[in-house]
Each structure stands twice: as C-alpha cells, then as structure tokens.
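The values are calculated or read from the model by the stated rules, or taken from the named source; none is laboratory data. The structure displayed is predicted, hence computed values, not measured ones. No Cβ is skipped: glycine too gets one built from the backbone with ideal geometry, and neighbour counts run over all protein chains shown. Note: accessible area is taken over every heavy atom of the protein model, side chains too, but ligands, DNA and RNA are not part of it. Shrake-Rupley method; radii C 1.70, N 1.55, O 1.52, S 1.80 Å.
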Amino acid sequence: MRNRYLDLLRFLAIVRVVVYHVTGWATLTLVFPAMSVMFALAGSLMAASLTRSGPTAVARRLRRLLPSLWVLAAVFVPAMLLTGLPVSPRVLLWLFPIADPPANDWGALALSVIWYLRDYLWFVLASPVAFWLFRRAPLPTVLAPYLLLVAIEAGIYPAPPVLREFGLYFGAWTLGFAHHAGMLRRLSGRVLYPVAAALAVGGGAWIVGHPGPRGYDLNDNHLGNALWSAAFILVVLGRAPSGVAWLSRSRLADRAVTVVNRRALTVYLWHMPFVVALTPLVDVVGWSHQDPVGLAIRVLLVFALVGLVTLAVGWVEDVAARRRPELIPGGPPRPAEAAAPVGEPPAGPDARSGALSGDSVGAGSSRRVPEPAAVPAQRSAGEPTSVDVNVG
C-alpha cells in the first residue's frame, strides 16, 4: 500500500532541491539533506522490489528511469551539437549514463543534475548483490560505504571520485535497505537517538573544521555530508509516523504531493536548465542575488516553467511506468479503480511496480504497487566536459 509519509518526504526533498539551486542557500543543505534522503527512499523501494521479484526488478527500474532522460536528451543534445559539442561515441552515454555524458560549456551547467541519475543507475545495478549481502550481514553492509569514505577522506585510500560518491550516497541507499527490513523502526530510542546524535556531532564538527568554498554547504564536504545525513535519515525513517492523515484533509496539499511524486523525475531533470536560463535576469532587471523579493520571484518562475514542461512531457513517466497517461496526476479514479475491493490495488497497468515515478510502499510490504521516481548542481565550464556535479 502507499506510504504517504514517504511521499511527503520525497515531495519536501524535491522542493528543497529546486529552492536551493535557485537561492544557493547553504543552510538548506543542513536543514534538510535532500539528496541523501532521496537515495535512502530509493534504496528502500529497491529493496521492496527485489523482495517481490528478485533481480528482474533491475530491468523495471531502468525502464522507469531512462525514457524521461531520453526526452531531455532529444531536446538538449542536438542543441549542444549545434553549439560546439564534438560528435563522438560518448554522446551515446545520454542513452545509458553509466559515466558522465559529454556536454559543452552551457550544457554542463544546465544539465549538471545528470550526476544523480548516473549514481542512481549504478546503485540499481549493484543492488541485487548488495541486498543479498545485506540480508546475510546487515550491519557490515551498511557500514562498508561509510568506512570506504572515511578511508578516502583520511588519505588512506586515494580512490577516484566515483568511489567517493559511492561511499557518500550508497551508505544512504543501504540505510534504505534497513528501513525496508524494519530494522530502523525496531531500534529503541535508547539506541537510535544517541547514535544519531553522535553522527550529527561528528558530522557537524567535521563540517565546521573543513568549510568549503561555499562555507558550511554539505555539498562541499563528503564526510560531513555522509555523517550528518545518516543522522537525519535515522531519525526521519527510524521514527516515521504510521501515517499522515492530516495531509488528506487538505485537497490542495494532498494533490500537490501526489503530482510532484508522480512527476519527480521530470521536475528534477528540467528545473536546472530554467535556473540557469533565469540567472542572467538578475542583472537585467536589477535584482540583487540577496534580494528576497527577487529570489522569491525566481523560485516562482522556475516552478511555473517546470510546471509547463511537466504538462507537456510528464506523461512519459506514466508510459514508462505502464500507467494510464495523465495530464495532471491524482485525479478522480476511473470507475474500475473506484470499484476495487478495499485494501486491493486496482487491476491493470496501474498496479505494476516501477522505479522513479513517485509511488511508495511501506517497509516490509509485499504488495505490487507502482514504484517511485527518484529524484541533484554547478560545474565549472569546459569544452567539451561532462555532467558531474554534487549540488542538491
């Protein structure tokens, strides 16, 4: 069955990512470490899929992930080729981004959010083995990515950047495994809260002692990010409420959460190009980068433009999930759905499971349900370069 609390977390994470990319406020990364939360939610859902259907869940996840990327690539790759991006076999990485796909100067910034899909893709491919290990040795499997990151940051193991990313975010992914298995909920408060506090203190101390170019921004501090985010995940998932009944009492809020979850991948992929395109307007109209009114207008404009694109191409997520395409998700159910027995999912395509579309399932559930979309970034210019930025 759907877990609206997880839907709400994903909604907040996506909104936070967009607002952060517009404003650049580093404090937002500390208040809500959105990217790690998104990876943890995705890990939990991947574990649920593997539990239900085994390794075949990987193919369904890829089916849910890639079509929306292909729509984006169909627009931007030709534009980059016409503005200086050399034609090479690496352009094919836009079809299956197991490495950073190439981009020209402006594309590297506008499409910088692709790093998340690259990492997500690798995590999905690694999940059958990782989940098998987790079921046999849960704690070592969860700790392994964090220990790898500690070794890298301490200079013990001079690993390439991709392994640093693995250490940072795959730890959150395996915490999602633990959430699905019910391990986090079973932790008593006498264990969970001291562990979370210790991680938060350690991460906070590391962040304060190692500020980055943007100050205390989690995106500039891998180890601090991992520890701080792990503490946050332990609390928000380990002490998750049984439900959020209050959400259904507001039709507007409930529909907004549904729409953003069902269109999470579209919102994520398309918001950064609009952020980049609108930034020059700050100088044109005389808005200061610190002007609250100007920032608020830019945030609203980005969401409005993303909303228009979502209306135009968001239905691709429905097709990828083998759901009935909808212009705006979450409308009144079809007669067949309304007549379905209480507690049973509606028959047909909507009952299939998927990956990054925004549907969620409770920890330990074995029901077939639609799966969610995942859900980002600034990069220095170069020609040609690759899309790989950790800002979100």
Quiz item: Do we have any residue at all in the stretch 242-249 that's surrounded by 21 or more Cβ atoms within 10 Å (Cβ to Cβ) and β-branched (Val, Ile, Thr)?
Solution: no
Quiz item: In this structure, does residue 58 turn out to be β-branched (Val, Ile, Thr), open to solvent by 10 Å² or more (accessible area, probe 1.4 Å) and closer than 25 Å to residue 262 by Cα?
Solution: yes
Practice problem: Could you tell me whether any residue of the stretch 231-240 is open to solvent by less than 30 Å² (accessible area, probe 1.4 Å), touching a Ser or Thr at 6+ places or on another chain (Cβ under 9 Å) and assigned to a helix (DSSP H, G or I)? | Solution: yes
Quiz item: If you check 166, 123, 134, 177, which single one turns out to be on the phi < 0 side of the Ramachandran plot and in contact with a Gly (Cβ under 6 Å, 6 or more places away or on another chain)?
Solution: 177
Quiz item: Looking at 158, 194, which one is open to solvent by 10 Å² or more (accessible area, probe 1.4 Å) and either in a helix (DSSP H, G or I) or touching a Pro at 6+ places or on another chain (Cβ under 9 Å) (or both)?
Solution: 194
Quiz item: Among all residue pairs at least 6 apart or on different chains, which show Cβ distances below 6 Å where the first residue, located in the stretch 103-115, is open to solvent by 10 Å² or more (accessible area, probe 1.4 Å) and the second is assigned to a helix (DSSP H, G or I)?
Solution: 109/276
Self-check item: Given (1) β-branched (Val, Ile, Thr); (2) touching a Phe, Trp or Tyr at 6+ places or on another chain (Cβ under 9 Å); (3) at pLDDT 95 or above, number of the condition residue 195 does not satisfy
Solution: (2)
Practice problem: Kindly indicate whether residue 169 is open to solvent by less than 30 Å² (accessible area, probe 1.4 Å), of a type in the set (Ser, Thr, Tyr) and more than 24 Å from residue 27 (Cα to Cα). | Solution: no
Exercise. State yes or no: is residue 148 open to solvent by 30 Å² or more (accessible area, probe 1.4 Å), within 22 Å of residue 178 (Cα to Cα) and not hydroxyl-bearing (Ser, Thr, Tyr)?
Key: yes
Self-check item: Unmet requirement for residue 329, which otherwise passes all of (1) modelled with pLDDT of 80 or more; (2) part of a loop (DSSP other than H, G, I, E, B); (3) surrounded by fewer than 20 Cβ atoms within 10 Å (Cβ to Cβ)
Solution: (3)
Practice problem: Kindly provide the set of residues from the stretch 63-99 that are open to solvent by less than 30 Å² (accessible area, probe 1.4 Å) and under 23 Å from residue 166 (Cα atoms), ordered by number. | Solution: 64, 65, 66, 69, 93, 94, 97
Self-check item: residue 283 vs. criteria in a helix (DSSP H, G or I) and at pLDDT 90 or above
Solution: no
Practice problem: Taking residue 296 as meeting all but one of (1) at pLDDT 65 or above; (2) of a type in the set (Gly, Ala, Ser); (3) under 23 Å from residue 117 (Cβ atoms), write down the number of the exception. | Solution: (3)
Quiz item: How do the pairs read when you match residues in the stretch 211-224 that are under 13 Å from residue 164 (Cβ atoms) with residues anywhere that are part of a strand (DSSP E or B) and modelled with pLDDT under 90, using Cβ under 6 Å and keeping only pairs 6 or more apart or on different chains?
Solution: 220/212; 221/212
Quiz item: If you take the residues in the stretch 20-52 that are open to solvent by 30 Å² or more (accessible area, probe 1.4 Å) and part of a helix (DSSP H, G or I), which one is nearest to residue 174 (Cα to Cα)?
Solution: 51
